[in-house]
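Quick notes on the structure that follows.
The values are calculated or read from the model by the stated rules, or taken from the named source; none is laboratory data. The structure displayed is predicted, hence computed values, not measured ones. Here the Cβ positions follow ideal geometry from the backbone for every residue, glycine too, while neighbour counts run over all protein chains shown. Calculation scope for accessible area: heavy atoms of the full protein, side chains included, ligands and nucleic acids excluded. Shrake-Rupley method; radii C 1.70, N 1.55, O 1.52, S 1.80 Å.
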Amino acid sequence: NGTVKCWGRNNYGQLGDDNTGTDASTPVDVAGGLSGVNKIATDGGGYHTCAVLNTGALKCWGRNENGQLGDSKVSGASSDLPVDVSGLASGVSDVAVSNTNTCALLETGGVKCWGYNGHGEVGNSTSGVDVVVPDNVTGLSSGVTKIVNGYYHTCALLNSGTMKCWGSGLSGQIGDGAKTSYLEPADVTNLNYVADITAGGHTVCVKLIPGTAKCWGGNNEAQLGIGIGKFIPFPILVIASE
């Protein structure tokens, strides 16, 4: 019916039930009259949640220490009720969240990001200052079909079947062969015919059109599917077990 229920930890109001500090072991209603939702996303750290409405509007709730709710408020102004994301009352098709950042995919195929920007996570060619309202990602005004967020990096799948990533690359998660961060989108090395993408904390994986998978980034817990080892800063084929 387009409403949302959440459960789990609620120390920052991330359940959206107007009851910060009270965890829930069973689903509770997100309050504030939230309805008409067609997509939701919550971050891996469990601190904030966002919902895309069928009107194309975006609402978020939970932790806001770095401006990741996008409502122009900063530093401790968390919300246990959904708030409107500034400037995104319409035109949003999807949302991706991390522990400190949020990005929206627009119906035009463009991308906007906001929140923590210590490594260029917002993708607007700047770093060092948190961004508390959505800002355009440099060079991605159209052509994007999906976005995913890791802890401190974001990646976009283009309609050409190629990929771009930006933000922290200290574990090789940008995928261009380097161990460096980028303030704007950078091409992933030698990667074509991408059908789908996903991201972990410091890792990115893709499904290729032939049906194979490649991953890159952090690998301290064997998350690349090639055995335990150091990070890999470029796409590498996942080894299929027999």
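Return yes or no: is ASN136 under 19 Å from SER98 (Cα atoms), surrounded by fewer than 19 Cβ atoms within 10 Å (Cβ to Cβ), in contact with a Gly (Cβ under 8 Å, 6 or more places away or on another chain) and at pLDDT 95 or above?
Numbers: under 19 Å from SER98 (Cα atoms): yes; surrounded by fewer than 19 Cβ atoms within 10 Å (Cβ to Cβ): yes; in contact with a Gly (Cβ under 8 Å, 6 or more places away or on another chain): yes; at pLDDT 95 or above: yes.
Answer is yes for this residue.
With ASP23, ASP71, ASP94 as the choices, which residue is crowded, with 16+ Cβ neighbours inside 10 Å, farther than 22 Å from ALA199 by Cα and acidic (Asp, Glu)?
On the way: ASP23 fails: crowded, with 16+ Cβ neighbours inside 10 Å; ASP94 fails: farther than 22 Å from ALA199 by Cα.
One residue alone meets the criteria, ASP71.
Return only the number of the condition from (1) touching a Pro at 6+ places or on another chain (Cβ under 9 Å); (2) among the polar types (S, T, N, Q); (3) open to solvent by 60 Å² or more (accessible area, probe 1.4 Å) that SER142 does not satisfy.
(1)
Restricting attention to region 164-186, which residues are of a type in the set (A, V, I, L, M, F, W, C), surrounded by fewer than 24 Cβ atoms within 10 Å (Cβ to Cβ) and in a strand (DSSP E or B)?
LEU183, ALA186
Please count how many residues of region 26-56 are open to solvent by 60 Å² or more (accessible area, probe 1.4 Å), under 27 Å from VAL148 (Cβ atoms) and at pLDDT 95 or above.
Of the residues in that region, 7 qualify.
Quick check: anything in region 23-46 in contact with an Asp or Glu (Cβ under 9 Å, 6 or more places away or on another chain), in a loop (DSSP other than H, G, I, E, B), closer than 24 Å to SER168 by Cα and among the acidic types (Asp, Glu)?
So far as region 23-46 goes, no, none of its residues is in contact with an Asp or Glu (Cβ under 9 Å, 6 or more places away or on another chain), in a loop (DSSP other than H, G, I, E, B), closer than 24 Å to SER168 by Cα and among the acidic types (Asp, Glu).
For a quick check of your reading of the model, give me the residue pairs whose first member lies in region 76-97 and is on the phi > 0 side of the Ramachandran plot, whose second is assigned to a loop (DSSP other than H, G, I, E, B) and open to solvent by 10 Å² or more (accessible area, probe 1.4 Å), with beta-carbon atoms closer than 6 Å and at least 6 apart or on different chains.
From residues that are on the phi > 0 side of the Ramachandran plot, the pairs are GLY91/GLU107.
Looking only at region 81-140, which residues are in a loop (DSSP other than H, G, I, E, B), closer than 23 Å to HIS202 by Cα and of a type in the set (D, E, K, R)?
Of region 81-140, the ones in a loop (DSSP other than H, G, I, E, B) are 85-91, 98-100, 107-110, 116-130, 137-140.
Within this subset, residues satisfying the condition of being closer than 23 Å to HIS202 by Cα are 98-100, 116-130, 137-138, 140.
Answer for region 81-140, where residues must be in a loop (DSSP other than H, G, I, E, B), closer than 23 Å to HIS202 by Cα and of a type in the set (D, E, K, R): GLU121, ASP130.
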